[in-house]
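Report on the following structure.
The values are calculated or read from the model by the stated rules, or taken from the named source; none is laboratory data. In this text the structure is predicted, and so the values were computed from the model without any measurement. As a convention, Cβ positions derive from the backbone with ideal geometry for all residues, glycine included, and neighbour counts pool all protein chains shown.
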Amino acid sequence: MEVAIIGGGIAGLTAAYRLCRQGVRVTVFEKDSQPGGQLATFNANGAPLERFYHHIFRGDKDVIGLIEELGLGPRLRWLPSTVAFHHAGRTYPFVTPGDLLRFAPLSPLDRLRLGLVTLYLQRQRNWRPLESIPAREWLVKYAGKRAYSVVWEPLLQSKFGEKAGEVTMAWFWGRIHVRLGSRGEGMRHEVLGYLDGSFGQITDGLARRINEGGGKIALSTPAKRIALGDGRVAEVETVKGSLPFDAVIATIASDSFAEMVPEMPPDYRDKLRAVSYQTAQCLVLKLKNRLTPFYWVNVGDPSMPFLAVVEHTNFMPPENYAGKHIVYLPQYLDSSSPWLQMDKKQLVERFSPFLARFNPAFTNDWVEQSFLFREPSAQPVVPVNYSRLLPPHQTPIAGLYLANTTQIYPEDRGINYSVRLGNRVSELIVDSR
Ligand SMILES: Cc1cc2nc3c(=O)[nH]c(=O)nc-3n(C[C@H](O)[C@H](O)[C@H](O)COP(=O)(O)OP(=O)(O)OC[C@H]3O[C@@H](n4cnc5c(N)ncnc54)[C@H](O)[C@@H]3O)c2cc1C
């Protein structure tokens, strides 16, 4: 059996690895010149680093299992995270229940409500009753208007922009539930996982095993079209020519997939088209000095253009990057946003004045180098009753499968769930033989 996999991100590579182990012949087509997709790395001062900040949670069993399987277990570090919240010119630590009780922008009653709502979401296991309710409505009702507008509105707004009001409470539940599952007893501290030497080692390890198993990874080879014959999958057409296959797994964005198969039956096509994405844009700065004492500062100030200040070197120390300090400044944007037209120099100019609010000593000459990364299909927008929109892995076309981030629900997308997608879809193919 010959299987094509379109997309060499973590989902595609996991599926390819599993299939190789079952004796299936696989070819992965990846449009980029390196594998990894949203988990791809770049050279940050001599060391590989993710283009977009990455960590994993204690409950991320699928990716932890894969890390162990690839022999990378000894490199997995569980480190305490330090989180803060920036509001009205001040940065407040936001890690422990004590931090919440001291969070001055909210009244004592609002702090209590916020704490109780968070606890409820952590304990609640059944997300189904939440899926027909917009997150905004539920949070205002139970946490109160003030807690919503100070803490959660900026987060929802900066992630989903104008679509924030559509987002289902089930998605919000997924985020809180998973995140709080990464805390120790009594919610006192949070630990996050990182692979010493970058998560790029997972993609490298998978690629090596795929090659050893006789599979092929065709880089810089965008797929253009999936051709059918006798009503089932027949060929994949790429920029370098067409090849015949018995089955195809697409791990690419739903809109691109719909375009690749013009014969897709309307019901399935409608599901593919119903999902929209927010683009992620990340400016990464290499700084001379430490900017903040925190790994992650959530920005609750709509006048700032970025939604967080993620200081990676407060998680993995600067010694890993020849003593430099690495800061990610992320934005989630609609594809029409003017921010996406700017180059890194323009973004550094626009962002720098805000950085002094996190550290008054900051001056522009701290910035030694900058990098800019964009991912157009970064965040699927998850509206109410999203489960009705979910396309199944098996499409109505025989031999054609979809395994992409829109199928992750109610959890927020993450590498753990893409590994799970790869595991599941490869099982479907093996079972179909
Ligand atoms: C800013 C940001 C921060 C994140 N932080 C975290 C985090 O802390 N923890 C976490 O677990 N997850 C995080 N994630 C999410 C995580 O990176 C993704 O969920 C995961 O990597 C998705 O993997 P995937 O294989 O499903 O999709 P992708 O990585 O999107 O892979 C799809 C692949 O298809 C390729 N492709 C597209 N079109 C074609 C074509 N026509 N032909 C051939 N190839 C094509 C793409 O180049 C890509 O390599 C983050 C994502 C972003 C954007």
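Among the candidates Gly12, Gly23, which residue alone is modelled with pLDDT of 95 or more, small (Gly, Ala, Ser) and either in contact with a Pro (Cβ under 8 Å, 6 or more places away or on another chain) or within 6 Å of the ligand (Cβ to nearest atom) (or both)? After ruling out the rest, the residue left standing is Gly12.
Answer yes or no as to whether Leu372 is touching a helix residue (DSSP H, G or I) at 6+ places or on another chain (Cβ under 6 Å), under 30 Å from Tyr92 (Cα atoms) and either surrounded by fewer than 22 Cβ atoms within 10 Å (Cβ to Cβ) or hydrophobic (A, V, I, L, M, F, W, C) (or both). For Leu372, the condition - touching a helix residue (DSSP H, G or I) at 6+ places or on another chain (Cβ under 6 Å), under 30 Å from Tyr92 (Cα atoms) and either surrounded by fewer than 22 Cβ atoms within 10 Å (Cβ to Cβ) or hydrophobic (A, V, I, L, M, F, W, C) (or both) - is met. Which ones in the range 292-315 are within 18 Å of the chain's Cα centre (by Cα) and in a strand (DSSP E or B)? Listed by number, the residues that qualify are Trp296, Val297, Asn298, Ala308, Val309, Val310, Glu311. Only one of the listed residues (Glu30, Glu50) is within 11 Å of the ligand (Cβ to nearest atom), under 28 Å from His189 (Cα atoms) and crowded, with 24+ Cβ neighbours inside 10 Å. That residue is Glu50. Within the range 383-393, identify whether any single residue is surrounded by fewer than 22 Cβ atoms within 10 Å (Cβ to Cβ) and on the phi > 0 side of the Ramachandran plot, and answer yes or no. Yes; the residues of the range 383-393 include at least one that is surrounded by fewer than 22 Cβ atoms within 10 Å (Cβ to Cβ) and on the phi > 0 side of the Ramachandran plot. Applying the criterion of being more than 21 Å from Phe351 (Cβ to Cβ) and away from the ligand (no atom under 15 Å from the Cβ) to the residues of the range 313-335, the residue that is surrounded by the most Cβ atoms within 10 Å (Cβ to Cβ) is Asn320. The strands (runs of 3 or more DSSP E) located wholly in the range 316-433 that include 1 or more residues which are touching a residue at least 24 places away in the same chain (Cβ under 8 Å) and of a type in the set (Asp, Glu) occupy 367-380.
Of the helices (runs of 4 or more DSSP H) lying entirely inside the range 1-104, those containing at least 2 residues that are of a type in the set (Val, Ile, Thr) are 10-21, 61-69.
Of the residues making up the range 377-398, those that are among the hydroxyl-bearing types (Ser, Thr, Tyr) and either more than 18 Å from the chain's Cα centre (by Cα) or over 16 Å from Thr251 (Cβ atoms) (or both) are Tyr386, Ser387, Thr395.
On inspection, Arg58 does not qualify as of a type outside the set (Ser, Thr, Tyr), away from the ligand (no atom under 11 Å from the Cβ), at pLDDT 95 or above and in contact with a Ser or Thr (Cβ under 8 Å, 6 or more places away or on another chain). In summary, helices (runs of 4 or more DSSP H) completely within the range 108-169 and bearing 3 or more residues that are of a type in the set (A, V, I, L, M, F, W, C) and surrounded by fewer than 18 Cβ atoms within 10 Å (Cβ to Cβ) occur at 108-123. Would you say Arg374 is closer than 21 Å to Asp255 by Cβ, within 15 Å of the ligand (Cβ to nearest atom) and of a type outside the set (Val, Ile, Thr)? Taking the combined requirement at face value, the residue satisfies it.
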